[in-house]
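Notes follow the structure.
The values are calculated or read from the model by the stated rules, or taken from the named source; none is laboratory data. The structure presented is a predicted model; accordingly, all values stated were derived computationally and were not measured. Backbone-built Cβ (ideal geometry, glycine too); neighbour counts: all protein chains shown.
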Number of protein chains: 2
Amino acid sequence: MRAAFQGELGAFSQQAIAQLLGPKARPIAQPWFDQVFAALASGDVDAAVVPIENTLHGSIHENYDLLLKHDFVITGETSVRIVHNLIAPPGVTFSKVTRIYSHPVALNQCLDFLAAHKNIQREAFYDTAGSVKMVMEQRPPGAAAVAGALAAEIYKARILKRGIEDDRQNYTRFFLLEPAGSKPRTAAGSAKKPWKTSLVFSTRNSPGALFRSLSAIALRDLNITKIESRPLRGKPWEYLFYLDLLGRSSDAAVKYALGHLGELADFLRVLGSYRSA
Amino acid sequence: MRAAFQGELGAFSQQAIAQLLGPKARPIAQPWFDQVFAALASGDVDAAVVPIENTLHGSIHENYDLLLKHDFVITGETSVRIVHNLIAPPGVTFSKVTRIYSHPVALNQCLDFLAAHKNIQREAFYDTAGSVKMVMEQRPPGAAAVAGALAAEIYKARILKRGIEDDRQNYTRFFLLEPAGSKPRTAAGSAKKPWKTSLVFSTRNSPGALFRSLSAIALRDLNITKIESRPLRGKPWEYLFYLDLLGRSSDAAVKYALGHLGELADFLRVLGSYRSA
């Protein structure tokens, strides 16, 4: 099984692939998200794994947009804790490190570590896993990288310090995507997890339009686990809503709720039903 | 009037300050968001201007967290279109540019430009405005930066190409914050704009809890312009909701709605009423 993801080998998305599809799945790196979706659309890969939201940085609208542009189905979800490690080539000890390379967003999540080691300079790089690849290939003197543990393993580098991030509550949620009509997958350990259904709908923002739309769900006693509005640019007062609820689209209550919501909303697309992470 | 913002002088936040407070406000640069809030808490500045959401990247949860931690009030909002320009020191013409420096997120928003100019290498930097400052100070051969127009003006650099971003629908929404009890401000051109009220509330996620909470708003025919759920880590099934509605907290209908919502929610905080952008 070949699964496309965005980033360099060793990225957190690759860890999500292992969690969703097991160690035998073959991760196929793509530089940009639209290429991840294009690879699945063309049949070059069997699946795609994309981040959809992060506890610190919110929803990744670009991937919701790409989900609406393509006709795939969500067949699983997983959550990866973002752990930043200080990683260096073998032979480089911590006392020798004078510069650390990583994506600025990752470096900004390690401020306490940087404040405690003022002799260490930070250097911006495109990608967390890519910074490990670079320090291994080019070995700049005194250089280390900040990335996930998988990147150290893949590029045969050493972890000098584990978990140097400031905030332990940093998780990214990923979707597993497969061609329309694919059945949900049960990842290891998720067989007893409750079902979740993700959908996108739009309403014109007359007062109470959202309230009426949510009645379709509340009247069936279904639990909402995510709701987010997104204004449609160029269409003032029109909104897209991202909504996740507990239940499977084949459950009677969910089926009735979706029928009712379809009646109330201007647009409705069910993105898939899957075992929750 | 002194207003704190995150970033280097010339950042998009500084443009937001000019839009909200006029050209006489003095922008005070801070490296991190928590220092922006701390500067306002200590009285070092009179106001703070922070980004709260972006059309491509979603809500900036860190700033919502800081809003809840402090006791400030939102006194205005504005929206800045993120325009990326190719900027170089005077004397450097476009044909001489071989490397462009900027924050990787900004570089990733200029992919069409980069694809059309394959002779130009991209170099990651911490900050968009800071990359202009750096190319002006250090003048690396063939170097240009990618940033907003204000950065070119401040560092006396030249704009070689305007608007090299792929997506014109890239806007960031900013809040103006002042000490508790401050009155809303009317920025130039906003005197006739409708009022907006921002609030944060939490519910336990029993089925229908959100629906009941929204009834407090729908029953008063008030228009919701934003809603977003955020799971509370470590408290499974408890959520924070960010909600904006049209109206002012002193309006009778809004007052009743907030009273009713306070009765239904576990927690409610009104962040402020202000003229919408």
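Results for (1) within 18 Å of the chain's Cα centre (by Cα); (2) closer than 18 Å to A:HIS57 by Cα, shown as yes or no for each residue.
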site	(1), (2)
A:GLN138	no, no
A:GLU153	no, no
A:ILE159	no, no
A:GLU165	no, yes
A:TYR171	yes, yes
A:PHE174	yes, yes
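Mind counting the residues in the range B:108-133 that are within 19 Å of the chain's Cα centre (by Cα) and under 22 Å from B:TRP32 (Cα atoms)?
Summing the residues that are within 19 Å of the chain's Cα centre (by Cα) and under 22 Å from B:TRP32 (Cα atoms) in the range B:108-133 gives 5.
One residue is enough: does the range B:171-189 have a residue meeting the conditions touching a residue at least 24 places away in the same chain (Cβ under 8 Å), within 14 Å of chain A (Cβ to nearest Cβ) and of a type in the set (S, T, N, Q)?
There is at least one residue in the range B:171-189 that is touching a residue at least 24 places away in the same chain (Cβ under 8 Å), within 14 Å of chain A (Cβ to nearest Cβ) and of a type in the set (S, T, N, Q).
For a quick check of your reading of the model, give me the residue pairs whose first member lies in the range A:20-34 and is farther than 12 Å from A:ARG2 by Cα, whose second is of a type in the set (A, V, I, L, M) and in a strand (DSSP E or B), with beta-carbon atoms closer than 6 Å and at least 6 apart or on different chains.
Between residues of the range A:20-34 that are farther than 12 Å from A:ARG2 by Cα and residues that are of a type in the set (A, V, I, L, M) and in a strand (DSSP E or B), the close pairs are A:LEU20/A:LEU176; A:GLN30/A:ALA4.
Show the residue pairs meeting these rules: Cβ distance below 7 Å; 6+ apart or different chains; first residue within the range B:99-115 and of a type in the set (Gly, Ala, Ser); second residue part of a helix (DSSP H, G or I) and surrounded by 23 or more Cβ atoms within 10 Å (Cβ to Cβ).
That search, which allows pairs on different chains as well, returns B:SER102/B:THR128; B:SER102/B:SER131; B:ALA106/B:THR128.
For the range B:89-109, give me each residue that is in contact with a strand residue (DSSP E or B) (Cβ under 6 Å, 6 or more places away or on another chain) and more than 15 Å from A:VAL105 (Cα to Cα).
B:PRO90, B:PHE94, B:VAL97, B:ARG99, B:ILE100, B:TYR101, listed by residue number.
Among the listed residues B:GLY163, B:GLY189, which satisfies the condition of being modelled with pLDDT under 95 and either exposed (fewer than 15 other Cβ atoms within 10 Å of the Cβ) or under 27 Å from B:THR75 (Cα atoms) (or both)?
Of B:GLY163, B:GLY189, the one residue that is modelled with pLDDT under 95 and either exposed (fewer than 15 other Cβ atoms within 10 Å of the Cβ) or under 27 Å from B:THR75 (Cα atoms) (or both) is B:GLY189.
Among the residues of the range B:127-144, count how many are assigned to a loop (DSSP other than H, G, I, E, B) and at negative phi.
Qualifying residue count, the range B:127-144: 3.
In the range A:218-232, what residues are part of a strand (DSSP E or B) and in contact (Cβ under 8 Å) with a residue 12 or more places away in the chain?
A:ILE224, A:THR225, A:LYS226, A:ILE227, A:GLU228, A:SER229, A:ARG230, listed by residue number.
Name the residue, out of B:ARG185, B:ARG158, B:ARG139, B:ARG204, that is within 25 Å of B:LEU9 (Cα to Cα), basic (Lys, Arg) and out of contact with any Pro (no Cβ under 9 Å at 6 or more places or on another chain).
After ruling out the rest, the residue left standing is B:ARG185.
Only one of (1) out of contact with any strand residue (DSSP E or B) (no Cβ under 6 Å at 6 or more places or on another chain); (2) in the same structural domain as B:LYS226 (by TED's automatic domain parsing); (3) surrounded by 20 or more Cβ atoms within 10 Å (Cβ to Cβ) fails for B:SER206. Which number is that?
Of everything listed in (1) out of contact with any strand residue (DSSP E or B) (no Cβ under 6 Å at 6 or more places or on another chain); (2) in the same structural domain as B:LYS226 (by TED's automatic domain parsing); (3) surrounded by 20 or more Cβ atoms within 10 Å (Cβ to Cβ), B:SER206 misses just condition (3).
Name the single residue that is farthest from the chain's Cα centre (by Cα) among those in the range A:26-53 being surrounded by fewer than 19 Cβ atoms within 10 Å (Cβ to Cβ) and polar (S, T, N, Q).
A:SER42
Scanning the range A:145-170 for residues that are hydrophobic (A, V, I, L, M, F, W, C) and part of a loop (DSSP other than H, G, I, E, B), which turns out farthest from the other protein chains (Cβ to nearest Cβ)?
To start, the set of residues in the range A:145-170 that are hydrophobic (A, V, I, L, M, F, W, C) comprises A:145-147, A:149-152, A:154, A:157, A:159-160, A:164.
In the following step, the residues that additionally are part of a loop (DSSP other than H, G, I, E, B) were identified as A:157, A:164.
On the way: A:ALA157: 20, A:ILE164: 17 Å.
This residue is A:ALA157.
For (1) in contact with a strand residue (DSSP E or B) (Cβ under 7 Å, 6 or more places away or on another chain); (2) within 20 Å of B:TYR242 (Cβ to Cβ); (3) surrounded by 20 or more Cβ atoms within 10 Å (Cβ to Cβ), each residue gets a yes or a no:
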{"position": "A:THR197", "(1), (2), (3)": "yes, no, yes"}
{"position": "A:ARG212", "(1), (2), (3)": "no, no, no"}
{"position": "A:ASP221", "(1), (2), (3)": "no, no, no"}
{"position": "A:PRO231", "(1), (2), (3)": "yes, yes, no"}
{"position": "A:TYR242", "(1), (2), (3)": "yes, yes, yes"}
{"position": "A:LEU245", "(1), (2), (3)": "yes, yes, yes"}
{"position": "A:TYR256", "(1), (2), (3)": "no, no, no"}
